[in-house]
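The values are calculated or read from the model by the stated rules, or taken from the named source; none is laboratory data. Note that the structure is predicted; figures quoted are calculated from it, not measured. Cβ placement follows ideal geometry from the backbone for every residue including glycine, while neighbour counts extend to all protein chains displayed.
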Amino acid sequence: MIHVHHLEKSRSHRILWLLELLGVDYEIQVYQRDSKTQQAPDALKKIHPLGKSPVITDGELTIAESGAIIDYLVHRYGEGRLQPAASDTHEWVDYRYWLHYGEGSLMPLLVMGLVFSQIPKQSPWIIKPLAKGICSTVRQRFIQPQINQHLSVIETHLSKKESFAGHWPSGADIQMSFPLQAVAAMQAPGTQALTKYPHIAAFVARIENDPAWQRVVARAGPLTMPGG
């Protein structure tokens, strides 16, 4: 039995989605964030010393990092599913690229944007206006233009292939699900999410309409984002 150590408002929903797609039995151990710091509880450090989520245990194995978890589950339980064959060179390269890109390139920018959005809220009142101005400038001049550039690249790829590598869904699609769902969730209130990126919007909608994803939501609750 696989155990998924599932932190609220974290990236572990996509691991549950993968397990549902694979048809593998699993149990969920839910952890709550500290209400003041929004950090994971110390109990997670008993599973993995960094105390981060997602983490899975499979027998005597403990595996952290979304990409490593996806790789492990697809190799061990996929039976050839959810990844292109090595003989299909172009799709295989796409698969490896997007599997690593999601956390290596896109997520750091999204996390940076989240951090700079939270700094003014956590600042003492006397410096709050200054902190708000500095953080707003950093987000508008550096972070958001970078995110927009990345989204344009993703939009172009999806406009040609409708998925990230091979047949839908692959492990690369699963890895990319969280950052793109995060982008959709972080749109300003009152605006239509992802209007400039219709293929990304269609990708997110495809996830949320997937029966396996809907089973995850029924079992673990809807995906929510840190800072929300």
If Glu79 meets every condition in (1) at pLDDT 90 or above; (2) outside the structural domain of Glu27 (by TED's automatic domain parsing); (3) part of a loop (DSSP other than H, G, I, E, B) apart from one, which number is that one?
(2)
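So which residues in region 44-71 are outside any loop (DSSP other than H, G, I, E, B), charged (D, E, K, R) and over 15 Å from Leu99 (Cβ atoms), if there are any at all? Working first, answer last.
So the first thing to find is which residues in region 44-71 are outside any loop (DSSP other than H, G, I, E, B), and the list is 44-46, 55-58, 61-64, 66-71.
After this cut, where a residue has to be charged (D, E, K, R) as well, the list is 45-46, 58, 71.
Across region 44-71, the qualifying residues are Lys45, Lys46, Asp58.
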Could you go through region 123-146 and let me know if any residue there is in a helix (DSSP H, G or I), among the small types (Gly, Ala, Ser), touching a Pro at 6+ places or on another chain (Cβ under 9 Å) and surrounded by 14 or more Cβ atoms within 10 Å (Cβ to Cβ).
yes
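Just name the residue that is surrounded by the fewest Cβ atoms within 10 Å (Cβ to Cβ) out of those in region 69-94 that are of a type in the set (Asp, Glu) and over 29 Å from His5 (Cβ atoms).
Step by step, filter region 69-94, then rank; the result is Asp88.
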Out of (1) in a helix (DSSP H, G or I); (2) in contact with a Pro (Cβ under 8 Å, 6 or more places away or on another chain), the odd one out for Glu20 is which?
(2)
Single unsatisfied condition, Glu162 versus (1) more than 29 Å from Ser53 (Cβ to Cβ); (2) charged (D, E, K, R); (3) within 15 Å of the chain's Cα centre (by Cα):
(3)
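Please determine, by comparing only the residues of region 83-114 that are part of a helix (DSSP H, G or I), aliphatic (A, V, I, L, M) and modelled with pLDDT under 90, which one is nearest to the chain's Cα centre (by Cα). Steps first, answer last, please.
Taking region 83-114 first, the residues part of a helix (DSSP H, G or I) are 89-114.
Imposing the further condition that a residue be aliphatic (A, V, I, L, M) reduces the set to 93, 99, 106-107, 109-112, 114.
Cutting the leftovers down to modelled with pLDDT under 90 gives us 111-112, 114.
On the way: Val111: 11, Met112: 14, Leu114: 14 Å.
Going through the qualifying residues, I end up with Val111.
Determine if region 187-194 includes at least one residue that is assigned to a helix (DSSP H, G or I) and touching a helix residue (DSSP H, G or I) at 6+ places or on another chain (Cβ under 7 Å).
no
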Just to be sure I understand the filter: pairs with C-beta atoms under 8 Å, separated by 6 or more residues or on different chains, first member in region 40-51 and in contact (Cβ under 8 Å) with a residue 12 or more places away in the chain, second member of a type in the set (D, E, K, R) and surrounded by 13 or more Cβ atoms within 10 Å (Cβ to Cβ). Which pairs pass?
Ala40/Arg33; Ala40/Lys52; Leu44/Lys52
